[in-house]
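The structure appears right after this line, and notes come after that.
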Amino acid sequence: MNNTGYLWQDRKRIFFGLPWTFTVYTLTDDRLIVKSGVFNTSEDEIRLYRILDVTLKRSFWERLFNLGTLHLCTADKSSPEIDVLHIKNPREVRTLLSDRVEEERASRYVGIREYMDEDETNNDVHG
C-alpha cells in the first residue's frame with residue numbers, strides 16, 4: 001500500500017487513453033469507491049466482500065491503449081452491478097481486486113453461499 005491510504009487509484013479514460021474525465025476509482029483494503037461528477041457529484045462505495053464476480057472486458061480501441069473495463073457483479077442491493085470503465089493495466093487491477101476480495105471474505109468468514117437465494121441453495125442440495 002502507498003502512503004495515501006489506498007491500494008490503487010485511477011481515472012476513467014477517454015480519447016487515446018487520456019484521463020480527461022471526472023470519474024475516479026479508488027481501491028482501499030476493504031472497499032472500492034467510485035466518485036464522479038464536477039458540479040453535481042456522486043460517490044458509490046462497495047465493500048469488497050460483497051463482490052461476487054469480476055469480469056474483464058476489452059474493446060478493440062481499449063486494447064490499442066492498454067485499457068479495459070472491469071464488470072463487477074455484487075451482492076449489494078443499491079449497486080448490483082458496477083463497471084469500472086476504461087482503466088489502465090486492467091489485468092493487473094483485476095488480479096489485485098480479486099485477491100483483496102478473497103482476503104476480505106476470509107477475514108470476515110464470508111462464503112459465497114451466504115449470498116445465494118434460498119431457492120438456489122435448495123437446488124444445490126436436492127438437485
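Rule-based calculations on the coordinates, nothing more; no lab input. Please read all numbers here as calculations on a predicted model, not as lab measurements. FYI the Cβ positions are ideal-geometry reconstructions off the backbone, even for glycines, and counts take in every protein chain you see.
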Practice task
At 0.36 nm per residue, minus the direct Cα-Cα distance, what do Ser98 and Asp44 gain on full extension? Give it in nm, one decimal, please.
Solution key: 17.6 nm
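How do 71-78, 34-41 rank on mean C-beta neighbours within 10 Å, highest first?
Listed from highest to lowest mean packing, they are 71-78, 34-41.
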Exercise for the section: Please give the residues of region 15-48, grouped as numeric ranges, whose backbone N is less than 15 Å from a label point set 7 Å along the Cα-to-Cβ vector of Ser79. Expected result: 23-37, 41-48
Practice task
Please give every one of the lysines within straight-line cross-link reach of Lys77, meaning a C-alpha to C-alpha distance under 26 Å, and leave out same-chain neighbours fewer than 8 residues apart.
Solution key: Lys12, Lys35, Lys57
Fill in the blank from the handout: Here the chain gives, from Cα atoms, an Rg and Dmax in Å of 16.1, 53
Exercise for the section: State, as an integer percentage, the relative contact order of the chain based on alpha-carbon contacts under 8 Å between residues 6 or more apart. Expected result: 19 percent
Completion exercise
In nm, the gap between the two label points placed 7 Å beyond Cα toward Cβ at Arg63 and Ala106 is 3.4 nm
Handout entry: Mean Cβ count within 10 Å, highest first, over the residues of peptides 95-103, 80-88
Key = 80-88, 95-103
Exercise for the section: Rounded to the nearest 10 degrees, what's the angle between the helix 90-108 long axis and the longest principal axis of the chain, both from Cα atoms, 0 to 90? Expected result: 40 degrees
Practice task
Starting from the amide H of Ile14, placed 1.01 Å from N in the peptide plane, find each other amide H under 5 Å away whose residue is 5 or more places distant or on another chain.
Solution key: Trp20
Fill in the blank from the handout: With -39,500 (n - 2.57) per DSSP H segment of 4 or more residues and division by the full residue count of the chain, the 222 nm estimate, nearest 500 deg cm²/dmol, is -8000 deg cm²/dmol
